[in-house]
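The values are calculated or read from the model by the stated rules, or taken from the named source; none is laboratory data. As the structure is a prediction and not an experimental result, all values here were calculated from the model. Cβ placement follows ideal geometry from the backbone for every residue including glycine, while neighbour counts extend to all protein chains displayed. Ligands, DNA and RNA are excluded from the accessible area calculation, which covers all protein heavy atoms including side chains. Shrake-Rupley method; radii C 1.70, N 1.55, O 1.52, S 1.80 Å.
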Amino acid sequence: MDMKEYIDEAEASLLHTYNRYQIVFDKGEGVYLYDIEGKKYLDFVSGIAVFALGYGNKEYNDALKDQIDKLIHTSNYYYNVPAIEAAKKLKKISGMDRVFFTNSGAEAIEGAVKTARKYAYLKDGTTDHEIIAMNHSFHGRTMGALSVTGNSHYREAFEPMIGNIRFADFNDFDSVLANVNKKTCAILFETVQGEGGIHPVKEDFIKKIRALCDERDILLILDEIQCGMGRTGYMYACQKYGVKPDILTSAKALGCGVPVGAFMMTEKVGQNSLKAGDHGTTYGGNPLACAAICKVIELYEKENVLENVKQVGAYLEKRLDELAAKYSSLIVERRGMGLIQGLEFKEPVADIINAAIARGLVLINAGSNIIRFLPPLIIKNEQVDDMIDILSQCLDKS
Ligand SMILES: *Cc1c(COP(=O)(O)O)cnc(C)c1O
């Protein structure tokens, strides 16, 4: 079948919850993807910040193949070695003390919300605690995660949400403070807002929130599902500011393609929240997913991924700044940290993205007017140059 026929089949069978780009991908190699007709694409999306190590990393693939032959799944009623090792490694890179493995980012958020509610419940025995989340945030599509997502467009048809959520303005401390009261049990935000348009947290804001949380025994929950796992040049973006959350969520690049997430917490929260019987998952933390995590963290160290992100991230910033200056009639500004960058345009970017795809460059939007840049973390300066060349051609035409 050719690409068109596959796409017709897909549209006849898959639920239409995505307006998909007209490509059927077949395989990947390094930072390149190939469609089923053999066309090559430079990938600046990584499956939305997932495939950090690039495609076809032999050590990663071999580790998964070995684990498949050994044991794919047991149950969380028993221990397994990959989960024990993955938890230990994750504690080390995150600075957190307790780990719960999930299958996705949204489930990590669900767990974080349950943890915060239970922590507050154990303190005063009441159940009307509130969580403060941010406008323009994104935390996932399950009902709990949707309830803390600050975008009414995603929520409207699915009301009522879980109760007692307040929304404040991101990076506006006074707006958060105005929503704090005796019932506040947690403040939740992304260290770099992803879907909301690539807005990094301001240092002053995150530090003031940390101090506020300490003062009032409110839990700080940071969602680093998109910006975590090295994408900002730090294993977790909050480490740039020396701020430690009480609960941290991770997913996307955590397993580099194997579906897995985690919510992690400090020992204090771990000892005073979820207990046996309070939470569970059939698949979460299974040996295959955890073998992926172990190998990913090992390869980050071995391949100096953070150093590469710092170096190429700075170069990408420079090249995007030049582009924004050159096309100032089209582009409002660049925002981002390391290899999570966004260019905000004055107009919708859908046509630009389609033009880039036609020229063999995969890009994705974040909201209608923003192009997001989420390349594999092993990308090199030359490939940034290639991306800029293609994107410039598309802008010249628009
Ligand atoms: C993608 C994302 C989620 C949801 O993760 P899923 O694995 O799609 O459920 C939550 N928070 C942030 C910041 C994300 O980018």
**Fill in**
Scanning region 4-60 for residues that are of a type in the set (S, T, N, Q), under 21 Å from PRO376 (Cβ atoms) and not in a loop (DSSP other than H, G, I, E, B) gives SER46
**Prompt:** Does ALA253 satisfy the condition of being within 28 Å of ASN304 (Cβ to Cβ) and either within 12 Å of the ligand (Cβ to nearest atom) or modelled with pLDDT of 95 or more (or both)?
**Reply:** yes
**Filter result for the condition that a residue is surrounded by 15 or more Cβ atoms within 10 Å (Cβ to Cβ), aliphatic (A, V, I, L, M) and farther than 21 Å from ILE370 by Cα, over LEU14, LEU42, LEU33** = LEU33
**Prompt:** under 28 Å from PHE173 (Cβ atoms), open to solvent by 10 Å² or more (accessible area, probe 1.4 Å) and either out of contact with any strand residue (DSSP E or B) (no Cβ under 9 Å at 6 or more places or on another chain) or among the small types (Gly, Ala, Ser) (or both) - does that describe any residue in region 244-267?
**Reply:** no
**Complete:** Those residues of region 270-324 which are touching a strand residue (DSSP E or B) at 6+ places or on another chain (Cβ under 7 Å), under 26 Å from LEU374 (Cβ atoms) and part of a loop (DSSP other than H, G, I, E, B) amount to GLY284, GLY285
**Message:** Which numbered condition in (1) within 16 Å of the ligand (Cβ to nearest atom); (2) under 20 Å from SER46 (Cα atoms) is the only one that PHE263 fails?
**Reply:** (2)
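Okay, residues lined up against (1) in a loop (DSSP other than H, G, I, E, B); (2) in contact (Cβ under 8 Å) with a residue 60 or more places away in the chain:
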{"position": "PRO376", "(1), (2)": "yes, yes"}
{"position": "ILE379", "(1), (2)": "yes, yes"}
{"position": "VAL384", "(1), (2)": "no, yes"}
{"position": "ILE390", "(1), (2)": "no, yes"}
{"position": "GLN393", "(1), (2)": "no, no"}
**Asked** Going by the structure shown, is ALA49 buried (at least 21 other Cβ atoms within 10 Å of the Cβ), closer than 30 Å to GLY197 by Cβ and touching a residue at least 60 places away in the same chain (Cβ under 8 Å)?
**Response** yes
**Message:** I'd like the residue in region 349-365 that is more than 18 Å from GLY194 (Cβ to Cβ) and not small (Gly, Ala, Ser) and, out of all such residues, is least open to solvent (accessible area, probe 1.4 Å).
**Reply:** LEU361
**Asked** Of everything in region 185-211 that's away from the ligand (no atom under 16 Å from the Cβ) and open to solvent by 10 Å² or more (accessible area, probe 1.4 Å), which residue is nearest to PHE345 (Cα to Cα)?
**Response** LYS202
**Item:** Of all residues in region 224-237 being touching a Leu at 6+ places or on another chain (Cβ under 7 Å) and over 15 Å from LYS91 (Cα atoms), the one that is farthest from the ligand (Cβ to nearest atom)
**Value:** GLY233
**Message:** Being open to solvent by 30 Å² or more (accessible area, probe 1.4 Å) and touching a strand residue (DSSP E or B) at 6+ places or on another chain (Cβ under 6 Å) is the filter here; which residues of region 366-382 pass it?
**Reply:** ASN369
**Complete:** Turns out the helices (runs of 4 or more DSSP H) fully within region 78-162 with at least 2 residues that are more than 15 Å from the ligand (Cβ to nearest atom) and among the hydroxyl-bearing types (Ser, Thr, Tyr) are 105-124
**Request:** Can you run down the residue pairs with Cβ atoms below 6 Å, 6 or more apart or on separate chains, where the first is in region 330-346 and at positive phi and the partner is assigned to a strand (DSSP E or B) and crowded, with 23+ Cβ neighbours inside 10 Å?
**Result:** GLY336/GLY342
**Asked** Among the residues of region 120-136, which ones are buried (at least 22 other Cβ atoms within 10 Å of the Cβ) and touching a Gly at 6+ places or on another chain (Cβ under 7 Å)?
**Response** ALA133, MET134
**Prompt:** Among the residues of region 23-38, is any of a type in the set (Gly, Ala, Ser), modelled with pLDDT of 95 or more and within 16 Å of the ligand (Cβ to nearest atom)?
**Reply:** no
